[in-house]
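The structure appears right after this line, and notes come after that.
Values quoted throughout were computed directly from the atomic coordinates according to the rules given, and no laboratory measurement underlies them. None of these values were measured; they are calculated from a predicted model. Cβ atoms come from the backbone with ideal geometry, glycine included; neighbour counts cover every protein chain shown.
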Amino acid sequence: MSSPADARSALQRTALRLEYATIAWNLAEAVLTIVLGVLARSLALIGFGADSIIEVFASSVVVWHVLPRHETDHPERTRLALRLVAAAFVLLAVVLAAAAARDLFTGRRAGESPLGIAYLAVTAVVMFTLAAAKHRLARALGSSPLRSEASMTFLDGILSSATLAGLALNAVLGWWWAAPRAALVVAVAALNEARENLEEARELG
């Protein structure tokens, strides 16, 4: 029969595997969606790629906390990490909101990206699945950083769905305004994530 320490170590190893998978996926996602976004002149895809970079940073922070050798919590470093992620989300929101407002005002039309649409559909499924598994592990481990990052992964699934809807409507119906409006959804979600990270950082204080 395994001891509580052995059971916790097994949960930590599972959490690490999930985080490494998230990092690998998001690194590939960032490169692909940004390249596709530039080629298709799609603000929504570029914004989604930028969000993937933020997710990589957040996952790296969780890896640092979950590693078995870090048995003792480090609230000061956790607080700093949460604030840095919050600042990145605010910057992302400002850039996306400004660019989306410009496109809506000028009527700039993004090019279609069928490959980007297909990839976003797969991403939504992957992110929702990873988020559910991380939430279960966070409860079992009592890990606040893992729980917060799991919420970010879930947000990534929501963002991919919103971006997918905007691009699909543009490709199928010619609704050019769908993509910049999807980018505005990304901006609002990023601001909300920043607020939640700052609130958690203050609680650690």
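Here are some notes:
- Top of Glu76, Glu29, Glu149 by mean-square fluctuation, Gaussian network on the chain, Cα under 10 Å: Glu76
- 3J(HN,Hα) from dihedral phi, the stretch 90-98, Karplus parametrisation 6.51/-1.76/1.60, rounded to Hz, x for glycine, proline: 4, 4, 4, 5, 5, 5, 5, 5, 5
- For Trp177, residues with placed amide H under 5 Å, excluding near neighbours: none
- Once the Cβ-Cβ distance of Arg136 and Glu199 is raised to the sixth power relative to R0 = 30 Å, the FRET efficiency obtained is 0.80.
- Cα gyration tensor, the chain - rounded (a/c under 1.5), prolate or oblate: prolate
- Full extension of the chain between Ala28 and Leu104 yields a length gain of 24.4 nm, computed as 0.36 nm times the residue separation minus the alpha carbon distance.
- HN-Hα J in Hz across the stretch 18-23 - Karplus 6.51, -1.76, 1.60, θ = phi - 60°, x for Gly and Pro: 5, 5, 5, 5, 5, 4
- The stretch 74-144 shape via C-alpha gyration tensor axes, a/c threshold 1.5: oblate
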